[in-house]
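Following: one structure in structure tokens, then a few remarks.
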Amino acid sequence: MTMLRRSLPSMNALFTFEAAARCGSFSRAADELNVTPAAVSRMVARLEDRLGTPLFVRLPNGVLTTEAGKLLFDATARGFSGIEAAIREIQDRSAGTETVSLSVSTGFTTHWMMPRMERFKAAFPGVDLRFQLIMSALSGPVSDVDLGMRFVEGADDRHEATLVMPEILLPICSPAYLERHGDGHGTLKATATTIVNLSDSNTGWGDAIARSFGDGSNTLVFSDYAIVVQAALLGQGVALGWLNVVSHWLVTGDLVPARNDLIATGRRCHLVRQRDKPFRPVVMQIRDWIVAELADDLARLDARYPALGLAAALAQFP
């Protein structure tokens, strides 16, 4: 261990390197560390001399890590994340609480998690949740959170992955909107329909809407899916509903299927955890709670709307 300590660069050098690699800029790292960019540059240069290899490619507008830099950044980021998690857990235990961080979409947080926070608090009275909110597609690392909701194929060498549900969408609207624009048989008419759309979506949203409703006479476009769902709740039009987001409102009846037209994309929604993070039983319990709550929603939806064929759609994804 003594020889290992002697071989390691100073902690200041590692902190400086990690900030520069994460920020992609010596200037932004300097702002974060409250030092000058020149000080960051000197510290990185000394570290490179110590290791005998360049860690960054210097560019006019920032820096990029070299292969060696990527290797060191992955290790330092994991190490600092683990230290931070351990310190946080020690502090939480002293305070009699535990903090669990989730990287999830604004839509899931607003329309699925928030309506059942009372149930969550009853199940986990000593847990505080912290949210890393994502407005766009569910992607990105989960190294700085306990759990992340991601559309991935499954586990890999660095990540555990627990299946939540396959990605299934269906057209949704409020009951009042369906009554105003329906055909009298519980189905929304294709004509004179306002489409509440999501900008920059890569899920074939526009094609799916066109198949069900044509072009629509009006379109509302938002960049945040939470607002798309809110517009549907307020009776502003018809939207595509991700079941892992809107299942609560479909169960309560605040939203209804605009048509019995499920869209299974083939992707799978998982709760992902980085393997080298310290094992915390409460994180696994919360993961299992979310999976069980969503499974209950889907069972209730299948019972309420058997014509959707939800059970058959889910059976395609064992």
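Looking at the chain as a GNM with Cα springs under 10 Å, which of TYR225, TYR177, TYR305 has the largest mean-square fluctuation?
Fluctuation is largest for TYR305.
Based on alpha-carbon centroids, what's the gap between region 21-56 and region 71-133 in Å, whole number please?
Rounded to whole Å, the Cα centres lie 30 Å apart.
With every protein chain in place, what's the accessible area of PHE80 (1.4 Å probe, Å², nearest 10)?
Spelled out: PHE80, probe radius 1.4 Å, area about 40 Å².
For the chain, report the convex hull volume of the alpha-carbon atoms normalised per residue, in Å³, without decimals.
Normalising the Cα hull of the chain by residue number yields 169 Å³.
With a 1.4 Å probe and every protein chain kept in, tell me what percent of the accessible surface of the chain is carbon plus sulfur.
Answer for the chain: carbon and sulfur cover 54 percent of the accessible area.
I want the local charge near GLU32. Using Cβ-Cβ distances under 11 Å, sum +1 for each Lys or Arg and -1 for each Asp or Glu among the other residues.
So the surrounding residues net to 0.
Looking at the chain, do any whole DSSP H helices span at least 27 angstrom along their long axis by alpha carbon and average -1.0 or above on Kyte-Doolittle, and which?
67-95, 281-304
In whole percent, what relative contact order does region 52-115 give with Cα contacts below 8 Å and a gap of six or more residues?
With pairs under 8 Å counted, the relative contact order is 16 percent.
Treat every Asp and Glu Cβ in region 6-90 as -1 and every Lys and Arg Cβ as +1, leave all other atoms uncharged, and give the resulting dipole magnitude about the Cα centre to the nearest 20 debye.
The calculation lands at about 160 debye.
Mind listing the long-range amide H neighbours of THR265? Cut-off is under 5 Å, sequence gap 5 or more, other chains count too, H placed in the peptide plane at 1.01 Å from N.
Close amide H contacts, sequence-distant or interchain: GLU167, LEU169.
About the Cα centre of the chain, what is the dipole size in debye to 20, counting +1 per Lys and Arg Cβ and -1 per Asp and Glu Cβ, all else neutral?
660 debye
Which value in deg cm²/dmol, rounded to the nearest 500, describes the helix-derived mean residue ellipticity at 222 nm for the chain, given -39,500 (n - 2.57) per DSSP H run of n ≥ 4 and division by the residue count?
Computed ellipticity for the chain at 222 nm equals -14000 deg cm²/dmol.
Test of understanding: in a Gaussian network model of the chain with alpha carbons linked when under 10 Å, which of ARG180, ARG275, ARG287 would top the mean-square fluctuation ranking?
ARG180
Along its three principal axes, how long is region 72-173 when you only count alpha carbons? Whole Å, largest extent first please.
Each principal axis gives a Cα extent; for region 72-173 these are 46, 37, 22 Å.
Ranking request for peptides 52-58, 162-168: highest mean number of other beta-carbon atoms within 10 Å first, then the rest in descending order.
162-168, 52-58
Taking only Cα atoms and a 10 Å spring cutoff, compute GNM fluctuations for the chain and point out the largest among ALA75, ALA137, ALA226.
Among ALA75, ALA137, ALA226, the largest mean-square fluctuation in the Gaussian network model of the chain belongs to ALA75.
The values are calculated or read from the model by the stated rules, or taken from the named source; none is laboratory data. This is a predicted model, so every value here is computed, not measured. Cβ: placed from backbone, ideal geometry, glycine included. Neighbour counts: every protein chain shown. Heavy atoms of the whole protein, side chains included, go into the accessibility calculation; ligands, DNA and RNA do not. Shrake-Rupley method; radii C 1.70, N 1.55, O 1.52, S 1.80 Å.
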